[in-house]
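To start, the structure under review is shown below, and the notes come after it.
Each value in this text was obtained by applying a stated rule to the coordinates, not by laboratory testing. Predicted model, so just to flag it, every value in this text is computed and none were measured. Counting neighbours? That spans all protein chains shown, and the Cβs are built from the backbone with ideal geometry, glycine included.
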Amino acid sequence: MDYIKRKVLQSSLFASGPFYCYPWKPTVNDVCGDSYEVALKHFKAGHYGMVNFALHGACLFLQVAGNLAFLSKVDRALGGSALYQMVGAGGFRLLTWATVVAWARCLAVSPAPKLVTLTSIAVLVLGGVATGAHDLTAAEYETGSVAALLAAFLASNVLAPKRQKIGFKKAVAFLAGFCLWGYGWRTALAHSSILQDLVSDSTKELLVAGYVAFLAVTSVLPNPLKKIVIGSTLLSRIVGLFTGNELVWFHGEAFFASLCQGVSHAITKEEATLLALERQRDEDKVRFEYAHVVYFPNILLQSFVESLQSTSKQ
């Protein structure tokens, strides 16, 4: 894979939100990515404890909800456009459902167990229906995401084998940290109109442009994961607060969900797959990364089921 092609693929993967899917992403993986078997092998190397699996399950909820809410908002914004009217999709969430269908197709042809695949596809379809029935707000997403993470952590840490349990101090730090995170951003959102009145329309446009420029620059850096995940999580929220632009906010939720996966790996001491893949050769890295994120629902569920089966036999 030549340098320019590799950088284009890397930028398109990271700037759009690593775990967010779009209608073209599964096809890009078919052409330039790697196989399900390779993705599963890399995933299993850093995911084996109950707490980590549970938190990744919550992260899957965050990613699908944020992804399809973001695309639904784009569809609603474009519903009256000439393009949507031309294809007869004025009242139809074309981008959202094209993504669900393309992603479901990719998961359906993978060699994952049928029940795993059906569960993954059901999650996508339910997400598509739910985000169509209700236009999710940033405040609702913040509340739901923190609640999902806390519930997953508490339940899994109680049920986990003793050797996998998270210690008291680390557990308190996790719970307090996410509670404060959720409360802080909910409070900021409740007073965002004050912040929006402080800046002019032209300044708001510059802030959005600055966010896009940050994505463009950081996504082509060598091993951009930590820089773009931490930076975009914070920057998207700051820009969203000052502009009231929910597209920016929900695009940034892709990076928040990735950040939560990083926290999960940090407290369980299991290495994150995308960080591990940064040690691969440049020629292989992007292929492995695409396969990992496109097949994520299936490889997460299959690894979890096989881990349970292995534990029950011991």
Among the DSSP H helices of the chain, those whose Cα atoms extend at least 27 Å along the helix axis and whose mean Kyte-Doolittle hydropathy is 0.0 or higher are 50-78, 114-133, 138-159, 168-190, 246-268
If you count, for each residue, the other Cβ atoms within 10 Å and average over each peptide, how do 210-220, 43-53 line up from highest to lowest? 43-53, 210-220
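Roughly how big is the stretch 222-314's charge dipole about its Cα centre, with Cβ charges of +1 (Lys, Arg) and -1 (Asp, Glu), in debye to the nearest 20?
Around 180 debye, computed over the stretch 222-314.
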Treating the beta-carbon of each Lys and Arg as +1 and of each Asp and Glu as -1, no other charges, what is the dipole magnitude of the stretch 1-88 about its Cα centre, to the nearest 20 debye? 160
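Run the helix sum for the chain: -39,500 (n - 2.57) per DSSP H stretch of 4+ residues, divided by residue count, reported at 222 nm to the nearest 500 deg cm²/dmol.
On the way: 16 runs with 247 residues, N = 314.
My calculation for the chain gives -26000 deg cm²/dmol from helical runs alone.
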Test item: Cα-centred dipole of the chain, Lys/Arg +1 and Asp/Glu -1 on Cβ, debye: 900
With the dipole of the chain defined by +1 on each Lys or Arg Cβ and -1 on each Asp or Glu Cβ, the option from Val8, Trp97, Ile230 whose Cα lies farthest towards the positive pole is Ile230
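Order the peptides 229-239, 26-36, 255-265, 62-72 from the highest to the lowest mean number of other Cβ atoms within 10 Å of their residues.
On the way: 229-239: 20.5, 26-36: 17.7, 255-265: 23.2, 62-72: 25.9.
Highest mean packing first, the order is 62-72, 255-265, 229-239, 26-36.
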May I ask for the Kirkwood hydrodynamic radius of the stretch 1-73, worked out over all distinct Cα pairs and given in angstroms to one decimal? 14.2
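First obtain the Kirkwood hydrodynamic radius of the chain from its Cα pairs, then insert it into the Stokes-Einstein equation at 4 °C and 1.567 mPa s, and state the resulting D in µm² per second as a whole number.
Working: Rh = 20.2 Å.
The diffusion coefficient I find is 64 µm²/s.
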With point charges of +1 on the Cβ of Lys and Arg and -1 on the Cβ of Asp and Glu, referenced to the Cα centre of the chain, which listed residue (Val109, Ile299, Ser145) lies farthest in the positive direction of the dipole? Ile299
Answer rounded, prolate or oblate for the stretch 11-53, using the Cα gyration tensor with square roots of eigenvalues a ≥ b ≥ c: rounded when a/c is under 1.5, else prolate when a/b is larger than b/c, else oblate. oblate
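Determine the gain in length on full extension of the stretch Leu308-Ala266; use 0.36 nm per residue of separation and subtract their C-alpha separation, reporting nm with one decimal.
Details: separation 42, 0.36 × 42 = 15.12 nm, distance 2.20 nm.
12.9 nm is the gain from fully extending Leu308 to Ala266.
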Which of the three applies to the stretch 133-292, rounded, prolate or oblate, going by the alpha-carbon gyration tensor with a ≥ b ≥ c and a/c under 1.5 meaning rounded? oblate
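Provide the gained length on full extension for the span Lys7 to Ser202, in nm with one decimal, where the gain is 0.36 nm per separating residue minus the Cα-Cα distance.
Details: separation 195, 0.36 × 195 = 70.20 nm, distance 3.18 nm.
Gain in length upon complete extension: 67.0 nm.
Please list 241-251, 75-85 highest first by mean number of surrounding beta-carbon atoms within 10 Å per residue. Before the final figure, lay out each step's value.
On the way: 241-251: 21.6, 75-85: 13.6.
My ranking of the peptides, most packed first, is 241-251, 75-85.
Given the Cα-Cα distance of Leu126 and Lys44 and 0.36 nm per residue of separation, how much length would full extension add, in nm? Don't skip to the answer; put the middle values down first.
Numbers: separation 82, 0.36 × 82 = 29.52 nm, distance 2.67 nm.
Contour length minus Cα-Cα distance gives 26.9 nm.
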Quick check: from the Cα gyration tensor, does the stretch 33-148 come out rounded (a/c under 1.5), prolate or oblate? oblate
Starting from the Cα of Lys165, draw a straight line to each of the aspartates and glutamates and keep only those under 15 Å, dropping any in the same chain fewer than 8 residues away. Glu270
For the chain, whose charge dipole is built from +1 on Lys and Arg Cβ atoms and -1 on Asp and Glu Cβ atoms, the candidate among Gly244, Gly46, Leu71 with its Cα farthest towards the positive end is Gly46
Of the listed pairs Lys162/Lys226; Lys226/Lys285; Lys169/Lys227, which have alpha-carbon separations greater than 24 Å here? Lys162/Lys226; Lys169/Lys227
Convex hull around the C-alpha positions of the stretch 122-177: the volume in Å³ per residue is 93
